[in-house]
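The values are calculated or read from the model by the stated rules, or taken from the named source; none is laboratory data. Owing to the predicted nature of the structure, the values given are computational and were not obtained by experimental measurement. Cβ placement follows ideal geometry from the backbone for every residue including glycine, while neighbour counts extend to all protein chains displayed.
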Amino acid sequence: MNWDIIGVMSSKLLTAIHLPWPTDWAELFQREAPLIVEIGFGGGEFLVDLARQRPECNVVGVEISAYSIRKGIKKIKTAGLTNAKVVQGNAQIFVQSLCRPASIRELYINFPDPWPKAEHNRRRLINDGFLHLLATRIPAGGLLEIATDHADYAEAITECLQRTPYFESRLPTTFITEDDQRPRTKYELIGLEEGRVCHYYKWRRNDAAAEDIFPAPQELPMPHIVFSTPMSLTEIGQQFEVAQFTQGNVRVKLLEMFKSLSNEQIFVETYVSEQPLTQRVGLSIRHRAPQELVIGLHDTGFPRPTPGIQLAISFLAKWAVSLHPEAKILQSNLKSTVDEMP
Ligand SMILES: C[S@@+](CC[C@H](N)C(=O)[O-])C[C@H]1O[C@@H](n2cnc3c(N)ncnc32)[C@H](O)[C@@H]1O
């Protein structure tokens, strides 16, 4: 086991789910500087080179892969760079939740996963919606660079870029197929070696206004509902069935119910999806006084108390109250509640 890496990880690991939404990058880097982002930095070669070439900028690499994150942290440390950081998380969550409007000066996406099977195409990162999101976070004049060696993805990216009202090519053409100006990435070298044509897109944000329909997720006070019921926790647990509902862009699924050995609380494993986030959390039902129970968010796994979590608690409370005619809600601090039970 490489304890050095673990030490570096524990002191420096930044994750999109733990950082503030939005994040104050100037505070994190301890200086005001233009922000450059690389999404899916893989081995980190391009990221480190970018940070070296641009000491006047704060450079952030985003990756979903923990392996890449470890590599990135190590490379940044070895290079002695103080202007580069890596964040573990999904690109969509990173851009929407962590980056304020017009805060990204330059954004690079090198050789994104092509998802070649037609039925997986929708998983591709670059699409009209993602370009719209980027348009809200990149100010006029800011740069967007994309490279791919996948012919079919290149066609789709070309169409998206030609369609977008928010970006324009900095070149006379939509893309070029040779670019010796930039450092080569690992996947670029593999593509070239295997004889594939690389497409390089060098675009710029224009000054067309882009409506910001992508707010950072809201964080609310820790939610709770108090209700009275003559039922015991065991009786409530016995009634449990998997249940789900959708309201607006929030989808909640109550997956499983567990009772503690001390008989003092029930733990409800719950899935909450609200664009761009998904959280798998534990909701708890515990005694507050005789015949009085409180439903709250269990702190296992650093859950973020979003409006979706409030809806999940409201959903669970309505279900629990529906189990007995004498049960009723006594108190709640929720702002978002379930309109109608499914
Ligand atoms: C094909 S590799 C390219 C790596 C590197 N840019 C290169 O050119 O060598 C794609 C990388 O993007 C990362 N990735 C895929 N989807 C992502 C997402 N939604 N958000 C952040 N990173 C993502 C993967 O973990 C992987 O490291």
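Brief remarks follow.
- Filter result for PHE175 (free of Cβ contacts under 8 Å to residues at least 40 places away in the same chain and either surrounded by 16 or more Cβ atoms within 10 Å (Cβ to Cβ) or more than 12 Å from the ligand (Cβ to nearest atom) (or both)): yes
- Flag if LYS117 is on the phi < 0 side of the Ramachandran plot and either touching a Leu at 6+ places or on another chain (Cβ under 9 Å) or of a type in the set (Val, Ile, Thr) (or both): no
- When segment 57-108 is filtered for residues that are away from the ligand (no atom under 14 Å from the Cβ) and touching a Gly at 6+ places or on another chain (Cβ under 6 Å), only ARG105 remains.
- For ASP299: the one exception among (1) out of contact with any strand residue (DSSP E or B) (no Cβ under 8 Å at 6 or more places or on another chain); (2) surrounded by 14 or more Cβ atoms within 10 Å (Cβ to Cβ): (2)
- The helices (runs of 4 or more DSSP H) found entirely in segment 1-81 that carry 2 or more residues being modelled with pLDDT of 95 or more and hydrophobic (A, V, I, L, M, F, W, C) are 25-29, 45-53, 66-78.
- Residue within segment 133-144 that is surrounded by fewer than 16 Cβ atoms within 10 Å (Cβ to Cβ) and under 23 Å from LEU47 (Cβ atoms) present: yes
- Restricting attention to segment 128-160, the residues that are more than 12 Å from the ligand (Cβ to nearest atom) and either within 21 Å of the chain's Cα centre (by Cα) or not hydrophobic (A, V, I, L, M, F, W, C) (or both) add up to 18.
- Residues satisfying the stated conditions in segment 181-222, i.e. in a loop (DSSP other than H, G, I, E, B), more than 19 Å from ILE109 (Cβ to Cβ) and within 16 Å of the ligand (Cβ to nearest atom): GLU194
- Residue in segment 219-226 that is within 21 Å of the chain's Cα centre (by Cα), of a type in the set (D, E, K, R) and in the same structural domain as VAL321 (by TED's automatic domain parsing) present: no
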